[in-house]
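Novice: Please see the structure below; I have some questions.
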Amino acid sequence: MSGEPVIALRGVTAELGSRPVLRGIDLTVHRGEVVALLGANGSGKSTAIRTIIGQVPASGGEIALFGTPRRTFRDWSRIGYVPQRTTAAGGVPATVTEVVSAGRLSRTRFGLFRKADHAAVRHALGLVGMADRAKDSVEALSGGQHQRVLIARALVAEPELLIMDEPMAGVDLASQEILAQTLREQVERGITVLLVLHELGPLEPLIDRAVVLRDGCVLHDGPPPRALGQHALPGHDHVHPHDEHTPLRTGLLS
Amino acid sequence: MDFLNYAFMQRALLAAVLVGITAPAVGIYLVQRRQALMGDGIGHVAMTGVGLGFLLSTSPVWMATAVSVLGAIVMELIRWYGRTRGDIALAMLFYGGMAGGVMLINLAPGGSNANLMSYLFGSLSTVSESDVTAICLLAAFVLLVTLGLRRQLFAVSQDEEFARVTGLPVRALNLLTAITAAVTVTVAMRVVGLLLVSALMVVPVAAAQQLSRSFAATFAIAVAIGVTVTIGGTITSYYQYVPPGATIVLLTIAAFIALSVLATPLARRRARAAAARRPAGDPAECAIPATRGAADEVGV
């Protein structure tokens, strides 16, 4: 069983509206691997991830999670998901604890919290260095702090696989370092990671393999590509978008 | 307190309190998912149910419940399948429901638009024994859902995509929210009327937000405001001969304004407390560093 890939995609296609976004993707992630999905905007990175979790239906191909076809996969507490930050904004104030608690539901029966569940929430907040903000409203947080809360929400179910969609977008350098540190600790514990990235940044040393997408096809699958020119300079904080059609993401919630 | 001696006032107060509890309890999830006006839409659809009740000489309350639940399900289906033109489809549902109600009630024997008035704006003093039974049953259902499933509904309303990955039955919970909202509309129909229902679902939540930082506190304060204004409005209308529905809604808006005014010094005090908690090396005010740090480097 341990030889089974954690994620296995074979010939996966998907459309958004009538536009084909994924045109036959093969992707395998093994236990303990850290795999980055790279590519320009519109290359299908986010769609690939959202197909894996079932938010976007795949029109063809096969998806398996932990060796089980995605359609029959029910063991959701094994997966922690960090969506792009823009999706998590409610019209009612909520505290950091309340948001992180939502991630624990996959471990509870009928949503009833026991002592261990409350402890897990506190522990997850500690992992991302947000324990002192537990009772604050998420609306009062900076972009980087908010991202840390979303990562705590994914980690609170103690998952074996972490799927993250652009965890570094709109996050200041200091918070990026904290996020990289949190991730490093999780990887050392043996967690498997699949993440969409715009550029490798401070996560570069952690990444085992990079899969580069272009126009919904896999262009490269292997060691992470080297940064070139000015992008390779240490301390280069790469904040501009790669594509002039992409609006800049601000650190605000909504 | 002589009003408590009258049976009609006892029924009116009971109905009012139940509405004061249930309307904000559902409304908070609608506000959280930014569908604040959904209650208003269901209210319009429920009018067809009232008309149908008159036409078939059955209970308008139960018929309105059936039709508005159906309408809420259709609205939820539109949200899934027709995201792009959703607002147009919803508009058709709203005004179709309203026109259907007016049409059906005029077709009913001896029916006229005058019959509609008590459903449009509420008629608290004419709440009957059977109305109270219906309202109690429906309110019990609403409370069971909104309190019993609060963690699940919170997760789905906060971040649908994430909720799906925790294995929650997102579609079923969305449908349940819509159905519960529809039931609440019919519970509140006799008290504040179909056209003012949405105010009791949304305004107490908005008012509570002025004071609270957590979802749980917002829920509790919103329900407290709901109960206060429904009781206050009912008693005021007993002494002053003013329509209870309108009184309740105006009181709710007054509560919102009062709390908004109160919230400003409260926020200031919280900011000061936060600044006091901050360690000495981390000033609340911006300080311009003498030299540029690594984080200032901006790529071109």
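Nothing in this text is a laboratory measurement; each read-out follows from the coordinates by a stated rule. What you see is a predicted model; the values in this text were computed from it and never measured. For neighbour counting, all protein chains shown are included, and Cβ atoms are generated from backbone atoms with ideal geometry for every residue, glycine included.
Novice: Cα-based Rg (one decimal) and Dmax (whole number) for the protein assembly as shown, in Å?
Specialist: Radius of gyration, then largest Cα-Cα span, for the protein assembly as shown: 26.8, 86 Å.
Novice: Something else now. Quantify how strongly other chains surround peptide B:204-212 by giving the mean number of their Cβ atoms within 10 Å of each of its Cβ atoms.
Specialist: 2
Novice: If you build the convex hull over the alpha carbons only and average its shadow over all orientations, what do you get for chain B? Give it in nm² to one decimal. Numbers along the way, then the final one.
Specialist: Values: hull surface 87.0 nm².
That works out to 21.7 nm², a quarter of the Cα hull's surface.
Novice: Rounding to the nearest 10 and keeping the result within 0 to 90°, find how far the Cα-based axis of helix B:215-240 lies from the longest principal axis of chain B.
Specialist: In chain B, helix B:215-240 runs at an angle near 40 degrees to the longest axis.
Novice: If you take each beta carbon of peptide B:214-225 and count the beta carbons of other chains within 10 angstrom, what is the mean? Please list the in-between numbers first.
Specialist: Working: counts 11, 10, 4, 2, 3, 1, 0, 0, 1, 0, 0, 0.
Mean inter-chain Cβ contacts per residue within 10 Å come to 3.
Novice: Just want to confirm a number: the relative contact order over segment B:91-225, from Cα pairs under 8 angstrom separated by 6+ residues, in percent.
Specialist: 27 percent
Novice: Can you classify segment B:84-170 as rounded, prolate or oblate using the Cα gyration tensor, where a ≥ b ≥ c are the square roots of its eigenvalues, rounded means a/c under 1.5, and otherwise it's prolate if a/b beats b/c and oblate if not?
Specialist: Oblate is the answer for segment B:84-170, as a/c is 1.5 or above yet b/c matches or exceeds a/b.
Novice: Right, here's the next one. For segment B:183-238, take the alpha-carbon Rg, divide it by the Kirkwood Rh, and send me Rg/Rh.
Specialist: 1.01
Novice: Provide the packing ranking of B:139-152, B:195-208, B:159-172, A:103-116, i.e. peptides ordered by the mean count of other C-beta atoms within 10 Å per residue, highest first.
Specialist: Per-residue mean Cβ counts within 10 Å order the peptides as B:195-208, B:159-172, B:139-152, A:103-116.
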